[in-house]
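Throughout, read-outs are computed from the coordinates displayed, never taken from laboratory work. Just so it is clear, the structure is predicted and the values come from calculations on it, not from any experiment. A quick note on method: Cβ atoms are made from the backbone with ideal geometry, for glycine too, and the neighbour counts reach across all protein chains shown.
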Amino acid sequence: MIRPVRFTEDVAALPTHKFGPSSLTWWGIIGFMVIEGFAFGLVFAAYFFLMGHEASWPPGGRAPPNLLAGTLFTILILLSEIPNTRIKLAAREGDVPAIRRLMPLMVGIGLVLFVIRGFEFNSLNILWTDTAYGSVIWALLLLHTTHILTDWYDTVVLAMLMRTPLAYEGRRLVDTDENCLYWRYVWLLWLPIYLLIYWVPRL
Amino acid sequence: MTPYDPRADEQRLARERKKIVRDGPDLTGARLATRLERAWNRPPGLLGWLATVDHKEIGRRYIVTALIFLALGGALALVMRLQLARPDQDLVGAARFNELFTMHGSTMMFLFAVPVMEGVAVYLIPLMLGTRSTAFPRLNAFSYYMYLFGGLMLWGAFVLNVGPDIGWFAYTPLSGPQFSPGKRADVWAQMITFTEISALAAAVVLVATILKCRAPGMTLARMPLYAWAMLVVAVMIIFSMPAVALASSMLISDRLVGTNFFNAWEHGDNLLWQHLFWFFGHPEVYIIFLPATGFVSVIVETFCRRPVFAYPVVVLALISTGILAFGLWVHHMFATGLPRVGYSFYTAASMTVAIPTGLQIFCWLATMWDGRPRLQVPMLYVIGFIVTFVIGGLSGVIIASVPLDLELHDTYFIVAHFHYVLIGGAVFPLLGALTYWFPKITGRMMDDTLGKIGFWMIFLGFQLAFFPMHFAGLLGMPRRVYTYPAGLGLELPNLLSTIGAFVVGASVVLFVVNALWSYFRGVPAPDNPWGASSLEWAVSSPPPVYNFQHIPVVESRTPLWDEPDELPVVTGLRVDEKEMLMTTVVAAAPDLREPVPLPSLWPLISAIATGVLFISSIFSPWAVAVGAIPAAIALTAWFWPKELKRHPEPVLS
Amino acid sequence: MSFDYQKYQSAFGNAGVGNHQFLVLFAIFLAVCAIMYVAVILFLVGGLLRRRRAGEANVVESGRHLRSDPLMRTGLIAWGAVVGIGLVALAIASFITDRLDAQAAAQPKLTITVTGNQWWWDVQYNASDPSKTLRTANEIHVPLGIPTRIILRSNDVIHSFWVPSLAGKEDLIPGRETDITIVPQRAVIFRGQCAEFCGVQHAHMALVVDVDPYPEFVNWWQRELRPAAAPTNPLVLAGYRVATQRQCASCHTIAGTPAGGNVGPDLTHFASRRSIAAGMMPMSEGNLYGWVADPQSIKPGTKMPTIGLEPDELHAVVAYLETLK
């Protein structure tokens, strides 16, 4: 520096990782959560906007989506919060063996969810080309599928990384904790989507 | 293979940790500088340049690229003005003209205005906040490449005669599958996707940097007003860009796979497009304007030799403008037949937003009153801004009224209004800001005489070009017409506008000439040529790659004015690996030491993969599935550490 | 290409209730805004020109940069109050104008339906007696001083109906119905133009509004209700044959003849209109020749194809069209 300096405190003792809002990646993840959440919120607004034009919803006497696949999906994804919370706590405690046991379980649950999601697409009882209702229902389901697919893939990559010696790194534990946080967001966001696809057309 | 023994490894790491070299009273000055440079410099050569994560390099790229797009968009404007100089001309036919105004608007709004503001922020914020890097530097690099590729796609299509011709806000059903066959509209919509992802990524970078990476002691209440402006803008981007991304995706989907979001015959609604677009579109103009108010605050402070009057009022004005901006969008839709009662709310909101801006203006003027203004080139641009922008703001108040807007909507009065607020309100402060920070960025001063001439040319040329447009609109000239008939009284305003436009064009050329000449032959700049107060002026011009040898500590809003002799600093950061300091959100107490990523080609490769995905999805929906695979691989490789060995302290490679 | 009614495409025309209200309100807004602007400039110039002795200014060089003139605090509050009150006053003026506009439009005596097409206006006069409904295109006749409600629809993209000297504009949106009520106050001819970008020939989608005193308006309507004039000489007859048996009939209607197409403008009284191709050219024999022979070269992209008539066919068609008064 060109001007003379006056030394004050020394920060060498500060940690290089912390959980929660002290972590920089926490802010990145929250940022993306807000972006995605708001995007979904706008799709919800479009849904209600289009619904407001219709005398009946679905319009023209079409059948609403079948409940089975969507409800199964909802139950499974809510149940997945149990291992998810376990992993999150393990990350905070530094319990690497627990993480290594449970993450493949999450990956497997994700695969089952995708299979159910396939059935959901099949049981919407409408094509995306059939009225704006069909388009917005498909849009909701497709966007959420992309959402869960990207998070599942993140989980796969993280699970592989946690099998290496780097799993013991504080920052990797923070990554795991944040990945669990994001999974919570994925199913929390699913709940209103579930209602909009399956229940609002039944009102 | 021996199984991994965490405890033995911990002992090794603890030993190595003790050997780490950190900055401090024993390691300072030139010796410190050499070691920091070794750690922070990127590899030389083309690959190193493509792999940079240095915010200063990325910021400069943003600015240069945005200025090139400004020139391209401006050239289109000059062609349009030639066509409109006289009635019933045929220099440019209808179809080509429609492409010209679409490209002009889209280039200026998406490829110049927002990126240039982002670019200046990306360059400046870490320096102003007293840190060594932005948060997420690789994401920062990625966001530049996405912007570049979106711009290249749009302009490539235009040059190949498949450019969009639907206007920069692409109303349906004109932009839909039935009335815009071919790929022109898809190119426009996908350009949106590129630039929106770029802007959102940059916004996340800025929020994280501003909230978590400030110098110790720089509480939110001591943060420079420019940083406040960029914080508000970044949050606004996060809430507004999803709307346009969603709208453009719905449009591509309607066009490509037959959805019916905007198809009135299948229960869709054309107003859905307008609501979604303008929900983004109105905040967008404040996203462009608020950074300029940040520039004005900084320049007024430096050139009036005192901090801006009533800092808390300015901060509250920034925040309330940011919030109010989201409640105005329906004022773009006053002619669509929605209930008048609803419209009244938007009239009231549109007028209310003038209040915080009016208060900011008072604060700047009060600062001039209380200080000793020096009329150097940046300050001239601020004066030009006030004289010009306020006209635009007042014409905005006029069109906030529904009965007035119903005559003036979609006429040249509106064209006049938005150019007054965008050029007066954003471009003038930008030119002042570029002149102001040019010494910091390049190490040389811009030429003063050329600067003054350039200011007067653009200021006067602008008035000549755009003031007559108010009259053209009142005399009955609608927007987006490639010609107009004689006898309506439109000849004189259009001719004057054309002359003025060329004067503006010449002054932009002059600015660029000044910048280029000064870059090579300008007077070398000291670290603080203007005698300013903020931290970026504490380092050399241009700054070293690591910004600060020691992270500074801040004890007031104007650190360099209040600690003129010695700069207080903290010690203890790593010297041989890239590291920066994170502090708490409000009080900026030292919190964490954060490793800063090494240069990497993965952001570029990911941007290429994502770009290929977006461009090919214009042609087939399957491209989304197939193209996702290379994108996923690139993003995984970006995240995956280069070495699976633990370091004593984290290294992001 | 100038039209004698072209001075009436301006918002200063002051020829309709809507436009009149606009001008009054605009003047009020301009006055208030001008005062605010002058205040800003005076403050700016004052701040720049103010001479202070070096030690007195509140600047960093004198060490007083953290102090402010107490007048400024009062000024800030006063400024905020003035701006707020000014805006409230303007908002109230705006709402009052809204109410006045609504009142003037309250009881329309006539309803017209205008349907926008790329790039022409389809006009239908509604009457309770179906035999009195009238279809025409690109030119509207309305009675002086009487509220006329115009229902707006679109067959393709969004257009906007705007006759500046009469009133503000309103969009024509496919899938929706909007409306505007005009109350003309001068019996002259106005020009309007589509004000929402609607594709390649948006610049040439104009319309003519002819305001007549009520008795003349009624006469016009009676005349328009008559079917097309029958051919009276061989050339015109030949043109009649081309127009009703060839491609023309597939798009255009000429009442009283077999030509019954609905895709293009109604031509029954085409020659009595003042312009061709939605305000693009004045009605004249020469312009008619040009348009019928090759519409694509005059208005590229228009939906009317260039058919390529033989010269004698062209003469005949133009002669026939000229009889459609």
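Observations
- Note on chain B: Kirkwood radius taken over Cα pairs, Stokes-Einstein applied at 4 °C and 1.567 mPa s, translational D equal to 50 µm² s⁻¹.
- Percentage, to the nearest whole number, of Cα pairs in region C:283-325 over 17 Å apart: 29 percent
- Chain A - Kirkwood radius from inverse mean 1/r over Cα pairs (Å): 19.2 Å
- Placed amide H near C:W121: partners under 5 Å, 5+ positions off or other chain: C:N138
- Rounded to the nearest whole angstrom, the semi-axes of the ellipsoid equivalent to region B:92-245, taken from the Cα gyration tensor as √(5λ), stand at 36, 13, 12, largest first.
- Each distinct pair of alpha carbons in region B:289-334 adds a 1/r term; the inverse of their mean, the Kirkwood radius, is 12.1 Å.
- Under a 5 Å amide H cut-off, with hydrogens placed 1.01 Å from N, B:E577 pairs with nothing among residues at least 5 apart or on other chains.
- Considering only the protein assembly as shown, percent of DSSP beta bridges that pair antiparallel, nearest 5: 70 percent
- Rounded to whole numbers, the Karplus 3J(HN,Hα) couplings from phi for region B:143-157 are 5, 5, 5, 4, 4, 4, 5, x, x, 5, 4, 4, 6, x, 4 Hz, using 6.51 cos²θ - 1.76 cosθ + 1.60 with θ = phi - 60°, and x at Gly and Pro.
- Residue order for C:E196, B:E99, B:E555, B:E284, fewest other beta carbons within 10 angstrom first, comes to B:E555, B:E99, B:E284, C:E196.
- Residue-wise HN-Hα couplings along region B:601-613, as the Karplus relation 6.51 cos²θ - 1.76 cosθ + 1.60 with θ = phi - 60° gives them from phi, are 8, 5, x, 5, 5, 4, 5, 5, 4, 5, x, 4, 4 Hz; Gly and Pro carry x.
- All C-alpha to C-alpha distances of region C:100-221, sorted into 5 Å bins beginning at zero, yield P(r) values of 2, 12, 22, 26, 20, 12, 5, 1 percent in whole numbers.
- Net charge dipole, region B:512-653: roughly 760 debye, given to the nearest 20, about the Cα centre with Cβ charges of +1 for Lys and Arg and -1 for Asp and Glu.
- Relative exposure of A:W199, B:W278, judged by other C-beta atoms within 10 Å (fewest first): A:W199, B:W278
- Helix C:214-225 and the longest principal axis of the C-alpha atoms of chain C enclose an angle of approximately 40°.
- Taken over the protein assembly as shown, the alpha-carbon convex hull comes to 174 cubic angstrom per residue.
- Sequence-distant contacts, meaning Cα pairs under 8 Å at least 6 residues apart, place the relative contact order of region B:47-521 at 16 percent.
- Working note: Karplus 6.51/-1.76/1.60 with θ = phi - 60° gives region B:205-212 the couplings 4, 5, 4, 5, 5, 5, 7, 10 Hz, where Gly and Pro are set to x.
- For the peptide B:94-103, the mean number of other protein chain Cβ atoms found within 10 angstrom of a residue's Cβ is 3.
- Each Cα pair of region C:17-117 feeds into the Kirkwood radius, which the Stokes-Einstein equation turns, at 20 °C and 1.002 mPa s, into a diffusion coefficient of 118 µm²/s.
- Summed side-chain charge close to B:I499 - residues other than B:I499 whose Cβ falls under 14 Å, Lys, Arg +1, Asp, Glu -1: +1
- GNM top mover of C:S272, C:S160, C:S297 - chain C, alpha-carbon springs below 10 Å: C:S297
- Neighbour-count ranking [beta-carbon atoms within 10 angstrom, fewest first] of A:R172, B:R81, C:R99: C:R99, B:R81, A:R172
- Size-normalised alpha-carbon gyration radius of region C:234-322, reference 2.2 N^0.38 Å: 0.98
- Measuring against 21 Å, Cα to Cα, the residue pairs A:K88/B:K642; C:K132/C:K169; B:K212/B:K578; B:K19/B:K642; A:K18/B:K578 contain A:K88/B:K642; C:K132/C:K169; B:K19/B:K642 as the ones spanning a longer distance.
- Amide hydrogen neighbours beyond the local backbone of C:V142, cut-off 5 Å, H modeled: C:D210, C:V211, C:D212
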